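What follows is a set of notes on a single structure, which appears directly below.
The values are calculated or read from the model by the stated rules, or taken from the named source; none is laboratory data. Everything numeric in this text was worked out from a predicted model, so none of it was measured. Here the Cβ is made from the backbone with ideal geometry for all residues, glycine too, and neighbour counts use every protein chain on show.
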Amino acid sequence: MNSKRTGEKVIYWLMRGITYLVVVFIAYILIDILIHGLPAISWEFITGDPEKSGAEGGIFPAILGTLFLVIGTIVVALPLGMFSAIYLTEYARQSKFTQTIRMAIVTLAGVPSIVFGLFGLGLFVVALDFGASILAGSLTLACMILPTIIVASEEALKAVPKYMREGSLALGATKWETIYKNVLPYALPGMLTGAILGIGRAAGETAPILLTAAAFFLPELPSSVYDQVMALPYHLYILATQHPEAQKILPMQYGTALVLLFLVIGLNFVAIILRIKVRKKYKW
Amino acid sequence: MSEILTDNNNKVHVENMNFYYGNVQALFDINMDIAEKKVTAFIGPSGCGKSTFLRTLNRMNDIIDGTRIEGKVLIDGSDIYNPMTDVVALRKKVGMIFQKSNPFPKSIFDNIAYGPRLHGVKDKNQLMEIVESCLIKSALWDEVKDRLDKSAMGLSGGQQQRLCIARALAINPEVVLMDEPASALDPKSTLKIEDLVNELKKDYTIIIVTNNMQQAGRVSDYTAFFYEGKLIEFGATGQIFTKPNQKQTEDYITGRFG
């Protein structure tokens, strides 16, 4: 009896300890970036152009580049993902075919990001001749986060009770009227959650934009979607591994990492606010 | 065995109807006439097909994959399963109240205006008139008139169900299908719904599925007893409850099974 209780306790503390360990890792990363990054942050760093291959100056073009890429990605991926999810949950009959589609989506989620980069290079940059550009990069990132958005949207749609649909149909609504007026509004918060996760990934990935959008050093702002841009994760990668004076410009790296972190948190924050607002409006 | 009533104007006529979920047959050779502006109750043990039958009358089963129907269902003489039938128009004519009250997470006003708006009513004053008259008809007006803009989710269970009735009435149906409308309500709310049914039959043909025998006895003019997908007996409620022709009906009504 006693040894049984000891066993329970060991298991309990083991699991509790492992959970805390995860928090410790995250806290360590955050604190490390904050401590080393904060001194590098200045008005000039955020709004200025990079100089001497990024060893001095600011990172404004990279901030803006990442912002453009994320916006472009969401603009493409959100509608595509939402409509695919609506088709799969509301319209398609359950069959071998839809099972295959679902499996393809899950598989897509597991494809390494560098493969998406190569795919984007082949299709958007070369075959469609967009060149390395915001457009090509956004489309590539969109392909990458599409599974996340589709799966989250499907779950959100499935969470809307069946009686919402039946109630609407019984009042003489067509299928689309029912979905548009009495399903989508309630599924929107969940769909936005998918978008939030997608945004985080799109902003932070390096590999997909490496070959499709990012410029190594481009101290000027893009003027159209066909322009190449700098991007924060790629800039960070360059500074940390490719720069001849990588060790000397550590503060620049930490500063860039901190800005990227805050950008992602900020974008998530906007999406979370949006989600809370929608959820408040339709509570059941 | 089934009977056809002929002493009334019939609103619904069902002929040799069979219904299947995939390969499973749920209804067997149903023949039935349902009288206009009367209350017809469907009774029978769970799984006997009474709800399935109810849902064939506004083609609600269409939304379930793999269902199939044979035979004829006529409403006002026209076959509702004719390929040319406009399902939207049918459901406008044949309203439905569900077992679980299902107000939409919108305001009370928007709930009732949902149907009229779908069918093209945009004028705010006209919508207000509809909302008021339907709430009066469903005996809910006095309780909610000061909070039409508040969420319908804040109403009690009984109020929610009456709201759903008001919402169904807002599209001017001729037939109202009720699928165990009071099964989730307390006795007091149940009585209110029953009073409402009595009131509504002046203007509407009402078909009500119920598991509550006393309820069927109280509210209906005709009662149909279903068992294992077959219509066992159908007749005036008084006759069904006092001297049923079938042994199975008698056993069920007296509580010997089901």
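Couple of notes before you dig in:
The rows are residues; the columns are (1) at pLDDT 90 or above; (2) within 30 Å of A:ALA246 (Cβ to Cβ); (3) surrounded by 15 or more Cβ atoms within 10 Å (Cβ to Cβ); (4) in the same structural domain as A:ALA203 (by TED's automatic domain parsing).
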| residue | (1), (2), (3), (4) |
| --- | --- |
| A:THR47 | no, yes, no, yes |
| A:GLU90 | yes, no, yes, yes |
| A:GLN94 | no, no, no, yes |
| A:GLU155 | yes, no, yes, yes |
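- Per the conditions (1) in a helix (DSSP H, G or I); (2) more than 14 Å from chain A (Cβ to nearest Cβ); (3) over 24 Å from B:VAL197 (Cα atoms), the sole criterion not satisfied by B:MET84 is (1).
- Within region B:105-120, the set of residues being under 19 Å from the mean Cα position of the chain (by Cα) and facing chain A (nearest Cβ under 7 Å) comprises B:GLY115 only.
- Hey, B:LEU163 in a loop (DSSP other than H, G, I, E, B) and of a type in the set (A, V, I, L, M, F, W, C) or not: no
- Matching residues in region B:206-245 - criterion: being surrounded by fewer than 16 Cβ atoms within 10 Å (Cβ to Cβ) and not small (Gly, Ala, Ser): B:GLN214, B:GLU228, B:GLN239, B:THR242, B:LYS243, B:ASN245
- Output for region B:129-147, where each listed residue is more than 24 Å from A:TYR180 (Cβ to Cβ) and among the aliphatic types (A, V, I, L, M): B:LEU135, B:ILE136, B:ALA139, B:LEU140, B:VAL144
- Total residues in region A:145-174, condition touching a Ser or Thr at 6+ places or on another chain (Cβ under 8 Å), within 14 Å of chain B (Cβ to nearest Cβ) and charged (D, E, K, R): 1
- Qualifying residue in region A:173-185 (condition: touching a strand residue (DSSP E or B) at 6+ places or on another chain (Cβ under 9 Å), assigned by TED's automatic domain parsing to the domain that holds A:THR66, under 25 Å from A:THR89 (Cα atoms) and not in a helix (DSSP H, G or I)): no
- Given (1) more than 23 Å from A:LEU146 (Cα to Cα); (2) surrounded by 12 or more Cβ atoms within 10 Å (Cβ to Cβ), number of the condition A:ILE35 does not satisfy: (2)
- Selection of region B:132-150 for residues being within 14 Å of another protein chain (Cβ to nearest Cβ) and either in a strand (DSSP E or B) or surrounded by 22 or more Cβ atoms within 10 Å (Cβ to Cβ) (or both) yields only B:CYS134.
- For A:LEU169, the requirement of being buried (at least 21 other Cβ atoms within 10 Å of the Cβ) and within 30 Å of A:TYR226 (Cβ to Cβ) is not met.
- The one condition from (1) among the aliphatic types (A, V, I, L, M); (2) outside any loop (DSSP other than H, G, I, E, B); (3) away from every other protein chain (no Cβ under 14 Å) that A:LEU221 does not meet is (2).
- Cβ separations smaller than 7 Å between residues 6+ apart or across chains give the following pairs from region B:239-258 residues that are under 17 Å from B:GLY229 (Cα atoms) to residues that are hydroxyl-bearing (Ser, Thr, Tyr) and crowded, with 16+ Cβ neighbours inside 10 Å: B:GLN248/B:TYR227; B:GLY258/B:TYR252.
- Residue check, A:ALA136 more than 14 Å from every other protein chain (Cβ to nearest Cβ), modelled with pLDDT of 90 or more and surrounded by 21 or more Cβ atoms within 10 Å (Cβ to Cβ): yes
- On inspection, A:VAL229 passes the criterion of being buried (at least 19 other Cβ atoms within 10 Å of the Cβ), away from chain B (no Cβ under 14 Å), within 17 Å of A:GLU51 (Cα to Cα) and at pLDDT 80 or above.
- Looking at region B:200-258, the strands (runs of 3 or more DSSP E) lying wholly inside it that each contain 2 or more residues that are farther than 19 Å from B:SER183 by Cα and at pLDDT 90 or above sit at B:222-227, B:230-236.
- Restricting attention to region B:176-189, the residues that are buried (at least 18 other Cβ atoms within 10 Å of the Cβ) and farther than 21 Å from B:ASN111 by Cβ total 0.
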